[in-house]
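Visitor: Structure provided below as structure tokens; questions to follow.
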Amino acid sequence: MTAAIDPVLAEPPPRFTESDAVRLAAATFEVGGATARNLGSERDQTFMLSDGSGTPLAVMKVSNPAESVAMLDMEAQVVAHIGTVDKLLPVARPWRVPGADGAGPGVYRAAIDGCWVRMYDVMPGWGRADPVEFDDDAIVAWGTTTARLSRATRGFFHPAAGRVMPWDVQHALTVRPMVASIGDAGWRRTVGRTLDRYEAVVSPRWPHMRAQVVHGDLSTDNALIDARGRITGIVDFGDMSHSATVIDLVAALDSLGTGRVGDELLRVGRLVVDGYRRVLPLEPLELDVLGELWATRAAIGVAISSWRVVNGLEDAEFAERYNPTAMEMVESLAAVGWELESSRRRPGRAGLPLSERRAAVFGSGLEALSYDDPLEVLAAEGVWLHGTDGRRYLDMYNNVPCVGHAHPRVTEAIARQSRQLNTNLRYLHPAAIELAERLAASCPTELDTVVFVNSGSESNDLAWRMAAAVTGHRGGLCTSFAYHGVTEAIAALSPETWPPGYTPHHVRRWAPPDAYRGEHLDAGAFAAAVDELGDLGLAAVILDGVLQSDGVIDPSPDYVQELVGRTHAAGGLWIADEVQGGHGRTGLGMWSFERFGITPDIVTLGKPMGNGHPVAALITRRAIAAEFGLTQGSFFSTFGGNQVSIAAATAVLDVIDDERTVERTRVVGGQLREALRQITADDDRVGDVRGVGLANAVEMVVDRTTARPDAVVAAAMKNSLRRHGVLVGTTGPNGNVLKIRPPLAFRAEHIGVFIDAWTAARASIGAVTVDVG
């Protein structure tokens with residue numbers, strides 16, 4: 001059993017007396033006239049050497065006879081390496097042997113009486129502190145120092161690091177034979193179960209974790225602290241090995257958790273992790289298994305110490321002093337399911353289905369879930385959403401993550417900037433200025449002024465305020481089933497959300513062109529709506545360039561140009577709402593208004609701008625912004641333009657440029673519509689396939705002859721597609737239009753997946769009940 005383990009664990013420590021230590025110090029490092037005090041150690045001997053007045057002179061370590069020379073030399077080399085990476089990290093440095101020649105690591109050790117002797121500087125602070133006495137700031141600081149140590153050693157390697165130390169959690173299963181040495185039967189069972197769980201859950205994932213040479217045991221036994229509990233000296237590298245990077249953090253958790261149980265243990269653990277992540281971010285896998293590793297480390301400590309006592313290798317009182325608190329840690333972690341960051345107490349509804357908890361806490365006013373069989377999502381990447389049911393779903397619905405779910409360029413930009421700086425636009429910083437310059441450059445030259453806000457609703461709200469202030473009018477126009485946002489002003493311009501029978505007194509609607517049915521093809525309805533405003537006057541017309549909520553419509557340039565002309569003639573401003581159609585969705589330019597050959601007075605951006613991160617903007621003419629400022633005062637948004645949001649939005653533009661997203665969207669969008677038209681050519685329930693770029697729609701009807709909308713078959717197809725692994729939504733005034741608007745990461749290879757699902761979904765719904773209303 002011990003053959004695979006580093007032999008130093010099976011060899012008794014040296015047995016020198018304090019008098020012997022005085023002799024060894026004089027003979028090896030010429031430290032004469034000293035007194036020695038045994039500091040205790042697990043497998044070596046450590047002595048504090050002092051002069052006649054009690055002033056400390058040095059710390060002497062007498063190594064275990066089984067310790068390899070390579071290991072001792074590795075310890076000296078890693079200290080030198082740390083000094084080149086983090087000069088301020090308080091690491092105990094070894095002395096050169098007097099008269100030793102050369103510059104290799106061997107000059108830091110002296111042989112005597114069958115052992116190796118090393119001498120170290122005395123560092124400030126106190127050792128073997130009780131971590132229960134540390135305040136929160138000290139706990140966080142320990143995490144930060146641990147991360148600094150890991151960062152300082154990650155570029156170091158030595159062949160001796162390939163040792164098998166049972167303290168290293170990767171070798172936890174070598175401890176199984178030691179479990180029998182645990183005297184308490186309950187403890188034996190708990191340690192055994194912990195090892196079983198490690199073997200089943202953690203061990204298979206170990207090869208996927210970051211690895212490096214680690215310290216292995218940054219505990220209160222191996223560090224000195226000041227009066228505030230901060231580390232002033234890291235004094236022992238004897239447990240070094242090549243292991244997972246996170247092991248140093250696990251060792252710190254194991255040590256700092258001593259004497260804490262339940263919620264307090266977990267709270268302290270989270271503070272340690274917070275400190276660590278101030279220097280080194282944790283990868284998702286590391287965070288996922290952190291509680292498991294912590295529990296395993298505590299459990300194997302009990303087994304190892306018990307085994308060493310049974311075999312006469314260590315004094316029982318010293319070796320087993322932490323065992324009771326270690327078992328309390330294991331039991332506390334097991335009780336909350338091993339998850340460190342999600343271990344807070346759950347409310348009483350925690351045992352209910354998630355949909356019931358949602359309804360109970362959000363109320364009935366929230367929009368309903370998307371599908372008859374609600375989808376609980378777990379993760380996403382690109383055009384795929386992963387459900388907790390173990391399936392992945394082709395996302396043909398979400399336009400918010402425009403360059404794809406979890407795009408690495410965007411997520412890294414957010415994480416990197418959030419670690420560096422995040423404040424407001426009252427301070428100078430180039431990021432927001434540079435993004436504003438890029439946005440203005442993407443528009444006609446007249447649009448030269450940019451305002452940052454947090455959402456499309458806010459952007460549209462500000463656009464309405466500007467229009468009303470500049471024109472002095474109070475009337476607004478929108479399409480018959482438009483959606484532009486949730487603020488009080490913009491909800492009035494969002495008839496999709498109006499309750500039955502409600503029409504704001506200052507808003508009029510016009511029916512957009514319906515090329516499928518040959519209706520409303522001229523500007524007559526628009527002109528009539530303008531006239532109906534009467535004395536209110538026209539402040540602004542707002543148009544979503546792909547008319548998503550109206551059923552996805554692609555009006556002609558001539559039509560839109562005429563509407564803009566009539567708007568200006570009536571004294572109003574034209575607001576181009578690019579929340580749905582912007583950032584390349586049409587495949588015909590960055591902004592949907594470009595294909596109409598118009599210059600809006602105001603352009604509003606939102607949802608896709610940050611790929612899911614809340615950021616939005618308004619772009620307008622300087623004269624409009626100046627007039628608004630004169631009459632309404634200066635504008636400021638606390639979070640608008642913060643550096644993290646700006647980093648996300650900048651990364652999105654970079655991805656669109658680098659991946660040639662606009663051109664790909666044009667090509668793939670056309671291919672998708674053609675494939676849909678072919679597959680639905682003989683389906684009398686599909687009235688129309690239309691769209692532009694990756695803003696597309698399939699209109700479901702009772703039959704093509706009557707072209708009567710059929711919301712029932714549309715809902716049936718939406719839910720059937722979900723069962724066949726594809727997500728779409730429904731839209732339009734009659735709820736009969738399937739909206740197909742995937743992230744712009746959608747590619748030609750995904751078309752076949754969608755068409756296969758369509759075929760299966762259409763066959764599975766059969767002849768559904770027809771909505772003939």
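The values are calculated or read from the model by the stated rules, or taken from the named source; none is laboratory data. Computed from a prediction, not measured in an experiment: that's the story for all the values here. Ideal geometry is used to build each Cβ from the backbone, glycine not excepted, and the neighbour counts take in all protein chains shown. Quick note on the areas: whole protein, heavy atoms, side chains included, nothing else; ligands and nucleic acids left out. Shrake-Rupley method; radii C 1.70, N 1.55, O 1.52, S 1.80 Å.
Visitor: Please report, in debye to the nearest 20, how large the charge dipole of the stretch 505-626 is about its Cα centre when each Lys and Arg carries +1 at its beta carbon and each Asp and Glu carries -1 there.
Guide: 440 debye
Visitor: Rounded to the nearest 500, what is the chain's calculated 222 nm mean residue ellipticity when only DSSP H runs of at least 4 contribute -39500 (n - 2.57) each, over all residues?
Guide: -12000 deg cm²/dmol
Visitor: With every protein chain kept in place and ligands, DNA and RNA left out, what is the accessible area per residue of the chain? Probe 1.4 Å, answer in Å².
Guide: 41 Å²
Visitor: Using only Cα atoms, what is the ratio of the radius of gyration of the stretch 449-535 to 2.2 N^0.38 Å?
Guide: Rounded to two decimals, the normalised Rg is 1.18.
Visitor: May I ask for the Rg/Rh ratio of the stretch 544-660, computed from Cα atoms with Rh as the Kirkwood radius, given to two decimals?
Guide: Here the Rg-to-Rh quotient is 0.99.
Visitor: Ok, one more. Compute the helix-to-body angle for 622-632: its Cα long axis versus the longest principal axis of the chain, expressed 0 to 90° and rounded to tens.
Guide: 80 degrees
Visitor: Could you state how much accessible area LYS607 has, in square angstrom rounded to the nearest 10, with a 1.4 Å probe and all protein chains kept in place?
Guide: Around 80 Å² of this residue is reachable by solvent.
Visitor: Could you give the length gained by full extension between VAL377 and GLU199, i.e. 0.36 nm per residue of separation minus their alpha carbon distance, to one decimal place?
Guide: Answer, rounded to one decimal: 61.3 nm.
Visitor: About the Cα centre of the chain, what is the dipole size in debye to 20, counting +1 per Lys and Arg Cβ and -1 per Asp and Glu Cβ, all else neutral?
Guide: 180 debye
Visitor: Could you give the radius of gyration (one decimal) and Dmax (whole number) of the Cα atoms in the stretch 102-224, in Å?
Guide: Here Rg and the maximum Cα pair distance are 18.7, 55 Å.
Visitor: Lysines within cross-link reach of LYS607: Cα-Cα under 22 Å, excluding same-chain residues under 8 positions apart?
Guide: LYS739
Visitor: Another question about this same structure. What residue among THR55, ALA528, ASN611 has its Cα farthest toward the positive end of the dipole of the chain, where the charges are +1 on Lys, Arg and -1 on Asp, Glu, each on the Cβ?
Guide: Checked the options; the winner is THR55.
Visitor: Extending each Cα 7 Å along its Cβ direction at PHE636 and SER556, get the distance between those two points in nm, one decimal.
Guide: 5.1 nm
Visitor: Please work out how much length the chain gains when fully extended from VAL753 to ARG96, using 0.36 nm per residue of separation minus the C-alpha to C-alpha distance, in nm with one decimal.
Guide: Extra length from VAL753 to ARG96 when fully extended: 229.7 nm.
Visitor: Further, regarding this structure: Normalized C-alpha radius of gyration of the chain, against 2.2 N^0.38 Å?
Guide: That works out to 1.26 for the chain.
Visitor: Carbon and sulfur together cover what percent of the accessible area of the stretch 407-461 at a 1.4 Å probe radius?
Guide: That fraction is 53 percent.
Visitor: State, in angstrom, two size descriptors of the stretch 234-305 derived from its alpha carbons: Rg to one decimal place and Dmax to the nearest whole number.
Guide: According to the Cα coordinates of the stretch 234-305, Rg and Dmax are 12.4, 33 Å.
Visitor: Whole-Hz ³J(HN,Hα) for each residue in the stretch 681-691, computed from phi via Karplus 6.51 cos²θ - 1.76 cosθ + 1.60 with θ = phi - 60°, x for glycine and proline: what do you get?
Guide: Taking θ as phi minus 60°, the curve returns 4, 9, 9, 5, 8, 9, x, 7, 10, 8, x Hz for the stretch 681-691.
Visitor: If you line up the Cα atoms of the stretch 662-753 on their principal axes, what length do they span on each, largest first, in Å?
Guide: Cα extents, longest axis first: 37, 26, 24 Å.
Visitor: Considering all projection directions equally, how large on average is the shadow of the alpha-carbon convex hull of the stretch 177-323, in square nanometres?
Guide: Mean projected area of the Cα convex hull: 9.7 nm².
Visitor: Could you run the Debye sum over the Cα atoms of the stretch 374-508, one equal point scatterer each and no solvent, and tell me log10 of I(q)/I(0) at q = 0.09, 0.12, 0.20 Å⁻¹, two decimals?
Guide: Values, matching the q order: -0.46, -0.79, -1.21.
Visitor: Here is a follow-up. Subtracting the Cα-Cα distance from 0.36 nm times the residue separation, let me have the gained length for ASN424 to ARG704 in nm, one decimal.
Guide: Length difference between fully extended and current span is 95.3 nm.
Visitor: On a 0 to 90 degree scale, rounded to 10, what angle separates helix 456-471 from the longest Cα axis of the chain?
Guide: 50 degrees
Visitor: Follow-up. Antiparallel versus total DSSP beta bridges in the chain: what percent is that, nearest 5?
Guide: Given both bridge residues lie in the chain, the antiparallel proportion sits at roughly 75 percent.
Visitor: State to the nearest 20 debye the size of the charge dipole of the stretch 564-613 about its Cα centre, where the only charges are +1 on K and R beta carbons and -1 on D and E beta carbons.
Guide: 120 debye
Visitor: So for the chain, averaging the separation of alpha carbon pairs under 8 Å that are six or more residues apart and normalising by length, what relative contact order in percent results?
Guide: 10 percent
Visitor: Taking the Cα atoms only, what angle lies between the long axis of helix 262-277 and the longest principal axis of the chain, rounded to 10 degrees?
Guide: 80 degrees
Visitor: Amide H neighbours of GLY233 under 5 Å, counting only residues 5+ apart in sequence or on other chains, H built in-plane at 1.01 Å?
Guide: Here the answer is LEU224, since their amide H atoms fall under 5 Å of that of GLY233.
Visitor: Only loop residues by DSSP count here, and only those with at most 15 other Cβ atoms within 10 Å; note down the trypsin sites (Lys or Arg not before Pro) in the stretch 637-695 that meet that.
Guide: When the trypsin sites (Lys or Arg not before Pro) of the stretch 637-695 are filtered for loop state and at most 15 Cβ neighbours within 10 Å, ARG660 remain.
Visitor: Quick one: accessible surface of TRP142, probe radius 1.4 Å, all protein chains present, in square angstrom to the nearest 10.
Guide: 0 Å²
Visitor: Near LYS61, which lysines are there with a Cα under 26 Å away, not counting those fewer than 8 places off in the same chain?
Guide: LYS87
Visitor: Debye sum, Cα scatterers, the stretch 509-610, no solvent: what log₁₀ I/I(0) at q = 0.13, 0.22 1/Å?
Guide: Normalising to I(0) and taking log10 leaves -0.45, -1.23.
Visitor: Related question: Probe radius 1.4 Å, ligands and nucleic acids ignored: give me the carbon and sulfur share of the accessible area of the stretch 564-673 as a rounded percent.
Guide: 52 percent
Visitor: Further question on the same structure: Ignoring everything but the protein chains, give the 1.4 Å probe accessible area of ARG723 in square angstrom, nearest 10.
Guide: Number for this one is 130 Å².
Visitor: Over its Cα atoms, what ratio of radius of gyration to 2.2 N^0.38 Å does the stretch 1-105 give?
Guide: 1.20
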